[in-house]
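Here is the structure we will look at.
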Amino acid sequence: MPDLTVQCSPDGPLVHVDISPSTHYQLANFPKGSPAPVIQALFLVDTGASHCMIDEPILAPLKLTPRSGAFVRSAATGKQQLKRPRYDLSLLLYDQNPARGWFHGSVSVTAAEPNSFDGALYRGIIGRNVLDLGVLFYDGPNKQFRLTW
């Protein structure tokens, strides 16, 4: 089984992510052999999040329109649910070497509430809609986590 072992940062379990349009979008909108734009960002691995979320402004270079909307609730909103845009994206999760990464060709990712990640090193969250496809080991004493798939 391939795996990804990452040392935790003071901000928690962070992973590098290459973000691009979903593979379906790329096939329909980019000439064969033409590379799709890629954005790199750090994401927090969060087992408490049901799905992936992203800081919407970093998607601007991809020039995507949302596929749909999703209702989200967070600690900041309490019981109130807010409708936020949802995008279909390709995500490549890795530590330092993208060649050893975990690729997902089409992931539903919801735009976080504005300013949700202000002051944080990360610009998104890897939630259970991705984590459920693998096995996550969290080694607290050694400040590491490992994803296998």
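The values are calculated or read from the model by the stated rules, or taken from the named source; none is laboratory data. This is a predicted model, so every value here is computed, not measured. Cβ coordinates were reconstructed from backbone atoms using ideal geometry, including for glycine residues, and neighbour counts include every protein chain displayed.
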How about the range 96-130: which of its residues are surrounded by fewer than 21 Cβ atoms within 10 Å (Cβ to Cβ), assigned to a helix (DSSP H, G or I) and in contact with a strand residue (DSSP E or B) (Cβ under 7 Å, 6 or more places away or on another chain)?
Pro98, Arg100, Asn129
Within the range 86-107, does at least one residue satisfy the condition of being over 21 Å from Gly12 (Cβ atoms), at pLDDT 95 or above and among the acidic types (Asp, Glu)?
yes
Looking at Gln40, Gln81, which one is farther than 20 Å from Tyr138 by Cβ and in contact with a Phe, Trp or Tyr (Cβ under 8 Å, 6 or more places away or on another chain)?
Gln81
Can you tell me which residue within the range 113-149, out of those that are small (Gly, Ala, Ser) and within 16 Å of the chain's Cα centre (by Cα), is nearest to Ile39 (Cα to Cα)?
Gly124
Is it fair to say Ala41 is under 23 Å from Leu131 (Cα atoms), among the hydrophobic types (A, V, I, L, M, F, W, C) and either modelled with pLDDT of 95 or more or surrounded by 11 or more Cβ atoms within 10 Å (Cβ to Cβ) (or both)?
yes
Tell me the residue from Leu147, Leu64, Leu136, Leu93 that is in a loop (DSSP other than H, G, I, E, B), surrounded by 14 or more Cβ atoms within 10 Å (Cβ to Cβ) and either without any contact (Cβ under 8 Å) to a residue 60 or more places away in the chain or not charged (D, E, K, R) (or both), please.
Leu64
